[in-house]
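Just so it is clear, none of the values below were taken in a lab; they were calculated from the coordinates. It should be emphasised that the depicted structure is a prediction, and the values quoted were computed from it without experimental measurement. With ideal geometry, Cβ positions are generated from the backbone for all residues, glycine too; neighbour counts draw on all protein chains shown.
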Ligand code: ASP
């Protein structure tokens, strides 16, 4: 028989139906067995009556079995109606149960809030944790967020383009994850920290409006709001200035958040200079919500602009504050080219802050090779180093590069804001543990000798 979704049962009173899902609750009352059965759409109560042909199977099943159940949808007698409960006016009289997948007793209570369960256990059995109401909700909200972002961008002429996962180690900031090359022993790819250079090359390639739901991989210290892998809504646009990019993103965040039932504190988003933010809040991320707004889940966005381009490293050299590919404000281009007033050069960078965390950041880029060269010279690179590191970008920009700029927004952080979760791991299907172990599967782990030999790799000292 065709499958009926549980949410549709209330329209099928008096009919015989087959539902498929999991047993949430089973109460064996001796003669009768009661069940709560759930599928992706909802939960319903079912009962196997004493004379039901299903009574024997009903006694053998248990929580978290996956089952197909055929029965009649009945209106509950007045005294049994539970108006508070989903499907509280109906009950499924069970005539047949087919066990599709038996279940051992789960290692933790799935229908409760699994947040209190030891995280290592949750992640080892993540597929069970994902059945919990909280994770079902979070992962579905994440999917809806991405869908709405895509819709917004497609409507505005953006093209979704994938960029390589095996790429070159880049001078962009964090530590790279590297992948050995079998064909070129002793040589390595890096997993992308962001698609920064490829998206700029797509602008040179005439794509004009790019986006990608891009996986970014950085070998960083793990924290609640930071994992090795995260996902960005990555965007790049040609023939734009700062305002164009900021307005596009602001429009997107407003539409997406409001369509998902959130309230935004202030529109248009306030803009504040880095200097003022530091003076007023002591940081470039700040929370504009009142205590009451924190409780009610209001989203307080703000832009931070006018960042210094460079800062001093511990060993006294200059380095970029955000992104080496950025463009200084027009008034400071000459300073950059001449290597003057380095500490005062302001970059065309914009960061999006929401409820105290940085949820995105981007910039207008230096599409003139001379400006990009000047940035790297400030950072102490010789022309030879520079050609080695970014020679391909300098080369590309010789061929009619359009002015361009972009931004990247953290998907996890946006979904954390929407769901009110405090940890990135609550909005990822298979996050890593705090110690960098993969969920369910066993990585990292040593390679077999044969694999190492093929890669020409010898392990110096076994640290496992
Ligand atoms: N690539 C930058 C990042 O990952 C964002 C951008 O400037 O577009 O932070």
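Given 0.36 nm per residue, what is the gain on full extension from residue 334 to residue 219 after removing their alpha carbon distance, in nm? Don't skip to the end; give the middle numbers.
On the way: separation 115, 0.36 × 115 = 41.40 nm, distance 3.59 nm.
Result for the pair: 37.8 nm of gain on full extension.
What order do you get for 94, 110 when you list them from fewest to most C-beta neighbours inside 10 Å?
On the way: 94 27, 110 20.
Sorted ascending by nearby Cβ count, the order is 110, 94.
At 37 °C and 0.692 mPa s, grab the translational diffusion coefficient of segment 370-464 from Stokes-Einstein with a Kirkwood Rh over Cα pairs, rounded to a whole number in µm² per second. Don't jump to the answer; show the numbers that get you there.
On the way: Rh = 18.9 Å.
Answer, rounded: 174 µm²/s.
Assuming 0.36 nm per residue, please report the length gained on full extension of the stretch residue 119 to residue 85 beyond their Cα-Cα distance.
Values: separation 34, 0.36 × 34 = 12.24 nm, distance 3.05 nm.
The residue 119-residue 85 span can extend by a further 9.2 nm.
Just how many % of Cα pairs in segment 197-337 lie over 23 Å apart, if you round to the nearest whole percent? Walk me through the numbers on the way to the answer.
Values: 5258 of 9870 pairs.
In whole percent, the share of Cα-Cα pairs in segment 197-337 beyond 23 Å is 53.
Can you tell me the FRET efficiency between residue 175 and residue 103 if r is taken as the Cβ-Cβ distance and R0 is 51 Å, rounded to the nearest 0.05?
Details: r = 42 Å, r/R0 = 0.82.
Taking R0 as 51 Å, the efficiency between residue 175 and residue 103 is 0.75.
Along the Cα→Cβ direction, 7 angstrom out, place labels at residue 437 and residue 31. What is the inter-label distance in nm?
5.1 nm
For residue 244 and residue 430, what is the calculated FRET efficiency with R₀ set at 41 Å and r taken between the beta-carbons, to the nearest 0.05? Each step should come with its number before you reach the end.
Working: r = 37 Å, r/R0 = 0.89.
The formula returns an efficiency of 0.65 here.
For segment 252-396, what D do you get in µm² per second when you plug the Kirkwood radius from alpha-carbon pairs into Stokes-Einstein at 20 °C and 1.002 mPa s? Intermediate values should be presented prior to the final figure.
On the way: Rh = 16.9 Å.
The calculation lands on 127 µm²/s.
Once you have the Kirkwood Rh of segment 26-132 from its Cα pairs, apply Stokes-Einstein at 4 °C and 1.567 mPa s and quote D in µm²/s.
On the way: Rh = 15.1 Å.
Taking Rh from Cα pairs, D becomes 86 µm²/s.
Quote to one decimal, in nm, the extra length available between residue 293 and residue 317 on full extension: 0.36 nm per residue of separation minus the C-alpha distance between them. The partial results should precede the final answer.
On the way: separation 24, 0.36 × 24 = 8.64 nm, distance 4.29 nm.
4.3 nm is the gain from fully extending residue 293 to residue 317.
Relative to the longest principal Cα axis of the chain, at what angle does helix 133-155 sit, 0 to 90 degrees, rounded to 10?
Between the helix axis and the principal axis of the chain, the angle is about 50 degrees.
Over the chain, what is the relative contact order in percent, taking alpha-carbon pairs closer than 8 angstrom and at least six residues apart?
Worked out over the chain, it gives 13 percent.
Which Rg and Dmax, in Å, describe the Cα atoms of segment 196-271?
15.3, 39
Counting just the Cα atoms, what span does segment 92-230 cover along each of its three principal axes? Round to the nearest Å and put the largest first.
Result for segment 92-230: principal-axis Cα extents of 64, 43, 31 Å.
The chain: Rg/Rh from Cα coordinates, Kirkwood Rh? Provide the component values of the computation, followed by the final result.
On the way: Rg = 27.8 Å, Rh = 25.9 Å.
Rg/Rh for the chain comes to 1.07.
As a footprinting exposure proxy, order 314, 118, 387 by other Cβ within 10 Å, with the fewest listed first.
Least crowded to most crowded, the residues run 314, 118, 387.
Got a sec? How would 336, 202, 100 order by Cβ neighbour count within 10 Å, fewest to most? Intermediate results must be reported in sequence, preceding the final value.
On the way: 336 25, 202 22, 100 12.
So the ranking, lowest neighbour count to highest, is 100, 202, 336.
Over segment 1-124, calculate the relative contact order: mean separation of alpha carbon pairs under 8 Å at least 6 apart, over the residue count, as a percent.
Details: 255 pairs, mean separation 31.2, N = 124.
Computed over segment 1-124, the figure is 25 percent.
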